[in-house]
1. Which members of the stretch 147-160 meet the condition of being under 22 Å from the mean Cα position of the chain (by Cα) and either open to solvent by 10 Å² or more (accessible area, probe 1.4 Å) or farther than 21 Å from L67 by Cα (or both)?
2. Evaluate the following for N552: is it touching a residue at least 24 places away in the same chain (Cβ under 8 Å), open to solvent by less than 30 Å² (accessible area, probe 1.4 Å) and under 27 Å from S463 (Cα atoms)?
3. Yes or no: the stretch 372-381 includes at least one residue that is crowded, with 19+ Cβ neighbours inside 10 Å and modelled with pLDDT under 95.
4. Yes or no: the stretch 268-280 includes at least one residue that is open to solvent by 10 Å² or more (accessible area, probe 1.4 Å), within 30 Å of A44 (Cα to Cα) and out of contact with any Asp or Glu (no Cβ under 7 Å at 6 or more places or on another chain).
5. State the number of residues belonging to the stretch 300-326 that are closer than 14 Å to Y341 by Cα, part of a loop (DSSP other than H, G, I, E, B) and either in contact with a helix residue (DSSP H, G or I) (Cβ under 8 Å, 6 or more places away or on another chain) or open to solvent by less than 10 Å² (accessible area, probe 1.4 Å) (or both).
6. Can you report the number of residues in the stretch 119-146 which are in a loop (DSSP other than H, G, I, E, B) and buried (at least 22 other Cβ atoms within 10 Å of the Cβ)?
7. Among the residues of the stretch 277-299, which ones are part of a loop (DSSP other than H, G, I, E, B) and aliphatic (A, V, I, L, M)?
8. Considering the stretch 221-231 alone, what residues qualify as being within 28 Å of the chain's Cα centre (by Cα) and surrounded by fewer than 23 Cβ atoms within 10 Å (Cβ to Cβ)?
Amino acid sequence: MVKYYKPLILPNREERIMKMHIYTILLLFVTSVNMDLLTHSHSAVLDAQGKYKISWTHKDGIITFLLQVETLGYVGFGFSPNGAMASSDIVIGGVYRGKSYFQDYFTDSKRVLHRDTQQNYKLKYAIENGTHTTLKFSRALQTCDLYDKNITESTIRIIWAYHDDDIEGTGPTYHGSNRGQKSLRLLNPEKNVMSVEAQSFNFTHQNVPIPYKDTTYWCQMFKMPVLDKKHHIIKVEPLIQKGHESLVHHILLYECERDANDSVLEYGHECYHPNMPDVFLTCETVLYAWAIGGEGFTYPPNVGLSIGMPEDPTYVLMEIHYDNPSQQEGFFDNSGLKLYYTPHTRKYDAGVLEAGIWVSLYHMVPPGMPAFSSEGHCTVECLEEALNYEKPDGIHVFAVLLHAHQAGHVLRARHFRKGVEQKLLAYDNEFDFNFQEFQYLDEERTILPGDNIITECQYNTKSRSTMTWGGLSARDEMCLSYLMYYPKINLARCESIPEIKEQLQFIGVKEIYRPVTSWPLIIKSPKRYNNLTFTEAMNIFQWSRKKGNAFNERVRKMPINVRCSKHESGEWSIHGMLISPPEGKSYTLEENECVSPLPSLSSCSTTTVRNLVIAACTLIHKML
């Protein structure tokens with residue numbers, strides 16, 4: 001039998017050399033892109049499947065993005081005022097037949113896509129590798145373009161999309177379900193850096209049954225590790241049970257009094273409940289706060305949370321707020337916190353100061369208001385007493401968590417020194433209820449005796465027909481700022497609440513029943529409010545936008561009740577006193593001046609990568 005073999009056809013020498021050039025260039029490109037990733041200080045995954053990754057860095061008013069998306073079609077990326085497509089700032093790019101394309105767009109209020117006449121986004125390179133499209137581009141933080149979104153320290157709502165096909169002559173094909181949105185802080189995100197020698201321990205709930213109601217606070221006590229010397233906690237991260245990301249709204253870790261014992265570790269209980277164990281009431285000082293959307297917190301290299309010393313907390317209480325507005329059944333939760341600690345202690349012990357509005361029904365926001373501002377005062381009197389006693393040279397704030405609920409819109413932590421307003425401690429002009437995390441301050445801020453802090457929250461209640469009250473539910477409101485600082489002092493809370501009598505006078509209340517024996521308190525006169533609680537009276541009042549604005553002006557000038565508490569339930573002498581709020585003008589955030597157009601590509605690494613891409617694309621195109 002004769003066997004026939006298909007002749008082996010070897011590529012000619014020119015083709016072999018060309019392919020070798022292509023493989024070499026692509027290898028160099030992949031290496032260069034990987035090196036390029038190291039120059040980007042921050043990164044995030046935007047989708048649940050891990051197909052859309054971004055890295056970014058900013059310097060001298062310029063922000064640079066690197067997108068890596070699992071598609072060989074077009075990639076869309078942009079900034080939205082509310083997470084939706086309308087009125088957004090967008091770029092679309094990709095690689096088609098070896099050539100890159102990239103355009104700056106915007107959408108109008110009807111979600112129609114328009115090409116921006118000012119092309120302020122500058123493409124540095126675009127490449128495909130067989131599975132992914134990679135885009136690198138830059139823009140100024142502020143471009144002076146009406147259709148570009150200014151990038152500030154506030155929350156940024158990023159929108160993203162991609163498609164399997166590239167853009168045709170008529171424009172991009174609809175992306176379908178390959179889209180989404182994610183809130184981030186681009187200028188001061190979580191610093192995910194930690195010493196390699198750190199150990200860790202977890203505080204987690206064990207199969208906590210979530211009641212069939214919209215709001216549940218669940219508390220359980222835990223014991224800190226028993227250590228033979230001082231250690232520092234240097235990082236805390238959330239452990240949210242998979243699938244419960246929208247259910248777990250916030251986690252607070254409180255320091256408890258020392259006279260507890262291990263018997264309290266055997267059970268958890270619903271917080272703020274009449275049958276809650278009395279020992280839970282001794283846990284008032286916040287050690288750490290996490291809220292929905294946050295990634296965790298890494299302490300600066302000179303600061304840590306002290307554990308292991310006799311004066312450090314032995315027992316802590318973990319409070320988790322479960323937000324279940326649809327009142328779904330059958331949830332059992334195992335969420336909590338992971339804490340990393342080290343025997344290599346830092347120079348300073350960290351503290352947390354809770355400032356803002358004392359959580360109470362006395363905090364009221366009328367319905368139908370597009371912008372209603374509430375103020376919580378950490379007063380001169382409270383800070384002066386606490387600081388002069390322990391640290392007359394002040395404390396240093398290095399991070400701030402601003403906290404409100406669903407009506408929250410704009411949040412600010414304002415800093416005054418001898419009546420003169422300083423640069424804002426922290427702000428968020430586009431607060432997102434579903435994304436709350438600590439903001440690292442670019443520069444530490446010193447708080448001195450004679451200073452005061454105002455936590456200001458602007459609410460939008462246009463869609464509400466009844467009063468919004470201060471309270472625990474996500475439909476209630478809070479206005480708090482958690483200040484992380486060093487060195488730690490004996491001051492846990494520095495808050496205020498407007499005096500109730502003058503608030504009721506605004507709606508015509510003349511007299512309440514005394515002594516006060518019920519909560520909410522009962523109104524005696526005038527007749528139209530007789531025997532109503534003050535919450536009922538506030539709700540039957542005929543609110544209008546004009547009346548709401550007048551009430552807002554009145555509330556901000558009313559006397560305030562001061563909360564000035566120490567650790568372990570102690571109180572400074574100013575606690576509980578009624579004082580007048582300090583005088584202060586409204587703060588207007590200074591916008592940075594418009595910057596000049598982006599400079600031309602100049603860095604060696606960027607130029608090298610770009611040249612490699614051009615060379616690779618040219619050779620590949622010749623091979624097609």
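The values are calculated or read from the model by the stated rules, or taken from the named source; none is laboratory data. Given the structure is predicted, the values throughout are model-derived calculations rather than measurements. Cβ placement follows ideal geometry from the backbone for every residue including glycine, while neighbour counts extend to all protein chains displayed. Heads up: the accessible areas ignore ligands, DNA and RNA and are worked out on the full protein's heavy atoms, side chains in. Shrake-Rupley method; radii C 1.70, N 1.55, O 1.52, S 1.80 Å.
1. K149, N150, T152, E153, S154, R157, I159, W160
2. Against the criterion (touching a residue at least 24 places away in the same chain (Cβ under 8 Å), open to solvent by less than 30 Å² (accessible area, probe 1.4 Å) and under 27 Å from S463 (Cα atoms)), N552 qualifies.
3. No, the conditions are met nowhere in the stretch 372-381.
4. No: the stretch 268-280 contains no residue that is open to solvent by 10 Å² or more (accessible area, probe 1.4 Å), within 30 Å of A44 (Cα to Cα) and out of contact with any Asp or Glu (no Cβ under 7 Å at 6 or more places or on another chain).
5. Going through the stretch 300-326 one residue at a time, the tally reaches 0.
6. Adding up the residues that qualify gives 2.
7. I292 - this is the single residue of the stretch 277-299 that is part of a loop (DSSP other than H, G, I, E, B) and aliphatic (A, V, I, L, M).
8. F222, M224 - these are the residues of the stretch 221-231 that are within 28 Å of the chain's Cα centre (by Cα) and surrounded by fewer than 23 Cβ atoms within 10 Å (Cβ to Cβ).
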